[in-house]
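These notes concern the structure reproduced below.
The values are calculated or read from the model by the stated rules, or taken from the named source; none is laboratory data. In this text the structure is predicted, and so the values were computed from the model without any measurement. Reconstructed Cβ throughout: ideal geometry from the backbone, glycine too, with neighbour counts over all protein chains shown. Calculation scope for accessible area: heavy atoms of the full protein, side chains included, ligands and nucleic acids excluded. Shrake-Rupley method; radii C 1.70, N 1.55, O 1.52, S 1.80 Å.
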Amino acid sequence: MKRRYSLVTAIVVIIAAMLITGCSAGTGGNQDGTYNFKIGHVTKESHIWHQTALKFGEELEKLSDGRMTVTVYPSSQLGLEKDMVQQLETGSIDFGFLTNGYMSTRQESLNAWFLPFVFNSLEDAVKLRESKPAKEMLAELESQGLIGLDFIFAGNRHVLLRNGHISSMKDLSGKKIRIIGSPVFQTFWDRTGAGPTAMPLSEVYTSLQTGVIDGMDIDLDALVTEKYYETAKYLTLTNHATFPAVIVMGKKSFESLSPEDQEIVKEAMKTAVDWGVKESLKREKENLDTVKKAGVKVQKLKDVSSFEEVRANVINTFSEKSPIIKEFLQEIE
Ligand code: BEZ
């Protein structure tokens, strides 16, 4: 009799707990089939990655007849990217728009996007988004408890300095350049003769203001949204690399969805990213106008060939590291 009472008590406690916590049936999910997914990323609200995340939310809501919504947490509100990946693994957040910079420290093949001077423009880079090697990169992420969904671009990388343009590689000699921490970026910048310092976006504005760095390796969207042009007025257009975010969903969250809902997520993301890619191409031009209007002196890199030896070297080093990188290079060629 006593055992029967305790069983009944246990069932009552479980039901009460489920009612109080909103009947959690997955990570962002409720027992009535509604979901509010959490998305984290590092950029400001005006950045194209944030706008694409919001667009994803709109599409999701439409396709699920209002059952699925999102809350987007910008500006590293959920922590550094390494913290976000941990939260994705445990299921406490559902999606991440994670820099390819951080993700390339976790997965070799993603270094392919950063090979120096392989794309002349952002248009060239986005063509590779749906290529076979890009899809293989996304599929590889599953071994880390992540479902790779897509790539969204921030723009190509250029060199912004407090004093003067660069005309050739030798002008970088000894310059303290902020880079994003990533194997290819570190190798490339070391070999140029500059003094690269890896630091998260959140520390860059102050470091530039206080002279801890002379300049940075940056894309135009981040340059504009973070207002670095307030301190650094010399932009050399180098197009030395492109800069995507890897869009992932935690495997735990993904697997808590029905196959139909998984398809809704994929479709909504594809529509949002198609939109985001077009928008980022448009912004590449608008951002350039914005920086010029802000008084930044813009100049194209004159002597691209001065980087040739370093470029070839870095490409050789990294294409040996992953067959996907080799395949990616063949696709570009
Ligand atoms: C950066 O760290 O350089 C960066 C991060 C996110 C978007 C754009 C740039």
Quick one: what pairs do we get from the stretch 317-333, first residue outside any helix (DSSP H, G or I), second open to solvent by 50 Å² or more (accessible area, probe 1.4 Å), C-beta under 7 Å, 6+ apart or different chains? 321/108; 322/108
Take the stretch 105-149 and flag every residue that is in contact with a Gly (Cβ under 9 Å, 6 or more places away or on another chain) and in a strand (DSSP E or B). 146, 147
Can you tell me which residues in the stretch 91-104 are assigned to a helix (DSSP H, G or I) and open to solvent by 10 Å² or more (accessible area, probe 1.4 Å)? 102
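Matching residues to (1) within 16 Å of the ligand (Cβ to nearest atom); (2) farther than 27 Å from residue 101 by Cα; (3) touching a Ser or Thr at 6+ places or on another chain (Cβ under 7 Å); (4) at pLDDT 85 or above:
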site	(1), (2), (3), (4)
13	no, yes, no, no
20	no, yes, no, no
32	no, yes, no, yes
38	no, no, yes, yes
45	yes, no, no, yes
48	yes, no, yes, yes
52	yes, no, no, yes
56	no, no, no, yes
62	no, yes, no, yes
Restricting to the stretch 244-260, and then to whatever is among the small types (Gly, Ala, Ser) and in contact (Cβ under 8 Å) with a residue 40 or more places away in the chain, can you tell me which residue is farthest from residue 101 (Cα to Cα)? 256
